[in-house]
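These notes are about the structure you will find just below.
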Ligand code: C2E
Ligand code: CA
Ligand code: CA
Ligand code: CA
């Protein structure tokens, strides 16, 4: 085909080999990046839609590869899950974020993503409690974001762990809401404190009537269950206005800010000056 490089493999098999080799290389590099402390944590604000004030930051893992540049967490997190590195990565993000959040004003909350596999393998509850006591962060300032995949893990264990976390005062958010399977029964059976409406609905809001209906339904459902409803992926003022009008409590998205390193957050300068 036109534009094809010389020596490019054309057959299905060899094409697969190239992809597999690339993946093995990426896994090798990820392992090395972890060992040499090259993963970073950036923070994206979420705001109270009524007041416009920043109420917290979500910790998001970042990996800048020497050659490839920024590798998306949508690529390296699933990879870490696949090869057994997610507990290390997850603990690193949690520890780093709790330590850095100790320098923030105390009314600012911290949200950290937790992979379903961290629930399956490790002692996630002990890890979280240890990190909180080691860093000194108040449990009430921490929100753990989990997806429905966590809840698909069968048995009472997951629900017991989540209940335990809640009893320490840790908030539990149901992330990517609307993209999974049977969200409704989960919402009723687990003690969530927040739902995050997936950004795919918010990004479609202006063009798709269906998204708008889903959003309205989720906001009213969340409110009637006493949960904080957050919308992610807010990029435009009009979308923000609409969500506020519908009674959505919090929002997150490029309109308010992208994820940035801790030393770039708005209050970082004030802290240094103090
Ligand atoms: P997520 O938890 O749903 O995080 C939100 C993603 O949406 C982030 O992408 C964020 O940068 C992006 N985003 C925020 N606002 C907007 C917006 O206005 N428009 C658009 N188009 N996108 C927006 P990011 O940082 O690339 O992370 C992707 C996913 O990787 C996260 O989705 C999360 O599932 C996973 N991830 C990131 N860090 C961690 C981590 O430390 N642990 C685990 N388990 N997963 C992580
Ligand atoms: Ca999240
Ligand atoms: Ca999300
Ligand atoms: Ca996501």
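At q = 0.12, 0.16, 0.17, 0.25 Å⁻¹ the log10 of I(q)/I(0) for region 119-188 amounts to -0.33, -0.58, -0.65, -1.23, computed by Debye summation with a single uniform scatterer per C-alpha, solvent ignored. Between the helical axis of 124-135 and the longest alpha-carbon principal axis of the chain there is an angle of about 70 degrees. Spin-label model, residue 204/residue 254: points 7 Å from Cα along the beta carbon direction are separated by 1.9 nm. If I build a Gaussian network model for the chain, linking alpha-carbon pairs within less than 10 angstrom, which residue out of 109, 62, 236 has the largest mean-square fluctuation? In the Gaussian network model the winner is 236.
Each listed q (0.23, 0.28, 0.30, 0.31 Å⁻¹) maps to a log10 I(q)/I(0) for region 161-213 from the Debye sum over equal C-alpha point scatterers, namely -0.88, -1.08, -1.14, -1.17. For region 89-159, the relative contact order comes to 41 percent (Cα pairs under 8 Å, sequence separation of at least 6). Taking all C-alpha pairs of the chain, those more than 32 Å from each other amount to 29 percent.
Fully extending the segment from residue 163 to residue 193, taken as 0.36 nm per residue of separation minus the present Cα-Cα distance, adds 9.7 nm. Ranking of 186, 181, 57 by neighbouring Cβ atoms within 10 Å, starting from the fewest: 181, 186, 57.
If I fit a long axis through the Cα atoms of helix 209-224 and take the longest principal axis of the Cα atoms of the chain, what angle between them do I get, 0 to 90°, rounded to 10? Compared with the principal axis, the helix lies near 50 degrees. Cβ crowding within 10 Å, taken as a proxy for footprinting-reagent exposure, orders 185, 220 from fewest neighbours to most as 185, 220. The slack in the chain from residue 224 to residue 38, taken as 0.36 nm per residue of separation less the alpha-carbon distance, amounts to 62.6 nm. The angle separating the long axis of helix 73-82 from the principal Cα axis of greatest extent in the chain is about 80 degrees. Here the Gaussian network model covers the chain, with springs between Cα atoms less than 10 Å apart; of 258, 23, 199, 23 fluctuates the most. Label-to-label distance for residue 212 and residue 25 is 4.8 nm, based on points extended 7 Å past Cα in the beta-carbon direction.
Every number in this text was worked out from the coordinates using simple rules, so none of it is lab data. Remember, predicted model here, so these are calculated numbers, not experimental data. FYI the Cβ positions are ideal-geometry reconstructions off the backbone, even for glycines, and counts take in every protein chain you see.
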